[in-house]
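Quick notes on the structure that follows.
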Amino acid sequence: MAGEKKRRGSATIANPRPITMASQPLKLIIGDKSYSSWSLRAWLALKRSGLAFEEINIELAGAGSDEMREKIRTATGAGSGKVPALQHAGAGLGGATLVVWDSLAICEYVAELCTEMIVAGDDRRPDELSSPLWPGGTAVRGSDLRGRAVARSVAAEMHSSFAALRNEMPMNVRKRGASVAGGPSAACVKDIARVAELWAECRAAVDPCSCCSLISLSKSLLLIIQ
Ligand SMILES: N[C@@H](CCC(=O)N[C@@H](CS)C(=O)NCC(=O)O)C(=O)O
């Protein structure tokens with residue numbers, strides 16, 4: 001049985017579990033997952049990892065104001081004044097709480113915690129698939145350099161682009177029907193086309209058939225919103 005061993009002439013005794021960083025409490029501070037895609041991104045990574053974590057929700061009404069930034073700074077300890085932020089007790093310098101304050105950095109950190117657990121033989125995390133985050137494993141030589149480069153490019157583009165789309169169509173998974181009065185701007189339409197192209201490229205790399213249906217789906221979407 002995992003975590004147990006027999007000593008000659010003695011009863012079964014518990015094997016001490018390896019101590020890994022993930023043994024320390026994790027707290028994720030986020031906005032509403034229906035409206036904050038950055039929050040959802042970090043939450044999904046943690047959920048997918050199988051690690052135990054506490055979820056703290058912050059009401060984001062008034063986002064962008066000095067008051068809201070201050071409220072978030074106080075709740076998270078992150079100078080950015082934005083969510084998501086992950087607090088990891090005892091993992092900071094000198095045993096302080098470590099704060100990771102960006103969704104992509106949180107995804108990377110969680111995957112690395114999982115890698116550490118796997119390497120240490122810690123069996124508490126149920127889902128091995130969360131590690132590593134990028135394709136092709138953690139080793140550099142002989143692994144999927146191309147896949148990682150492409151995946152990182154896609155994640156970075158997602159992180160730093162699509163300003164018009166974000167402004168005109170902020171995430172709202174509860175909303176139904178058309179949303180932009182007068183239709184989206186030309187810049188927004190370009191952003192949408194680029195998202196569709198990006199997805200199609202990614203799908204083509206893994207599954208040519210789903211790529212065809214995705215291209216036709218994105219073309220239909222573009223026709224509807226234009
Ligand atoms: N690039 C950052 C973006 C974080 C971000 O913009 N968060 C928004 C919520 S979706 C926020 O905290 N806004 C509060 C404010 O601006 O006052 C990340 O990926 O974590």
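Observations
- Summarising the label geometry, the points placed 7 Å from Cα in the beta-carbon direction at Ala149 and Met21 lie 2.8 nm from one another.
- Neighbour counts of C-beta atoms inside 10 Å place Cys202, Cys188 in the sequence Cys202, Cys188, starting with the fewest.
- Cβ crowding within 10 Å averaged over residues, with 38-44, 166-172 ranked highest first: 38-44, 166-172
- With 22 Å as the limit on Cα-Cα distance, the pairs of Lys27/Lys47; Lys27/Lys71; Lys47/Lys190 that go past it are Lys47/Lys190.
- Additional length obtainable on full extension of the chain from Ile56 to Arg176, 0.36 nm per residue less Cα span: 40.5 nm
- Cβ-based exposure ranking for Thr74, Thr115, in which fewest neighbours within 10 Å come first: Thr74, Thr115
- Here Lys190, Lys33 are placed in order of increasing Cβ neighbour count within 10 Å, fewest first, which gives Lys190, Lys33.
- Between Ala105 and Ser160, the modelled label-to-label distance comes to 1.6 nm, taking each label 7 Å out from Cα in the direction of the beta carbon.
Values quoted throughout were computed directly from the atomic coordinates according to the rules given, and no laboratory measurement underlies them. Model, not experiment: these values are computed from the prediction. FYI the Cβ positions are ideal-geometry reconstructions off the backbone, even for glycines, and counts take in every protein chain you see.
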